[in-house]
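Visitor: Below you'll find the structure I mean.
No value in this document is a laboratory result; all are computed from the given coordinates. These figures come from a predicted structure and were not determined experimentally. With ideal geometry, Cβ positions are generated from the backbone for all residues, glycine too; neighbour counts draw on all protein chains shown.
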Amino acid sequence: MGHIRGAPWYGSRLTIGQAVALAPHNNATSLQTAAGMLGGVVWATNHADAGIFDPDEMDFAKVMEVAVPYLGDRVGVYSDWTPLPHRGTLCSEAVDAEDPWPFRNILVT
């Protein structure tokens with residue numbers, strides 16, 4: 001964030017039609033969530049002797065191998081998002097309106 005090209009966004013653009021075709025009675029959000037959980041469960045099952053571990057210790061490529069068929073198009077784009085819109089509408093806040101990227105503009109208290 002704060003780069004000349006804007007804020008990066010990487011995610012899944014699964015449509016409701018794609019979600020229902022893959023798993024009836026689901027929507028895109030439920031299927032995207034379940035896909036990541038399914039990948040984690042498969043990884044954990046295949047590494048039952050791993051004990052307690054942090055998700056960062058999991059092989060993300062193996063997790064994604066299971067999840068990707070349920071995610072639809074995966075894209076990475078830059079956006080014009082900043083933390084400033086709608087700040088100070090509910091209560092006054094000390095934000096820097098000239099530069100959106102100082103930490104105080106991102107922190108919500």
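Visitor: Explain nothing, just the number: relative contact order of the chain, from Cα pairs under 8 Å at least 6 residues apart, as a whole percent.
Guide: Contact order relative to length: 36 percent.
Visitor: Let me ask something else. Equivalent-ellipsoid semi-axes (√(5λ), Cα gyration tensor) for the chain, whole Å, largest first?
Guide: 35, 20, 14
Visitor: Over the Cα atoms, compute the radius of gyration (one decimal) and Dmax (the largest Cα-Cα distance, rounded to a whole number) for segment 54-106, in Å.
Guide: In order Rg, Dmax, the Cα atoms of segment 54-106 give 18.3, 46 Å.
Visitor: Grab the other residues whose beta carbon is less than 13 angstrom from that of Val77, score K and R as +1, D and E as -1, and report the net.
Guide: Every neighbour counted, the sum reads +1.
Visitor: By how many nm would the segment from Val75 to Glu93 grow when fully extended, if each residue of separation counts as 0.36 nm and the alpha-carbon distance is taken off?
Guide: 3.1 nm
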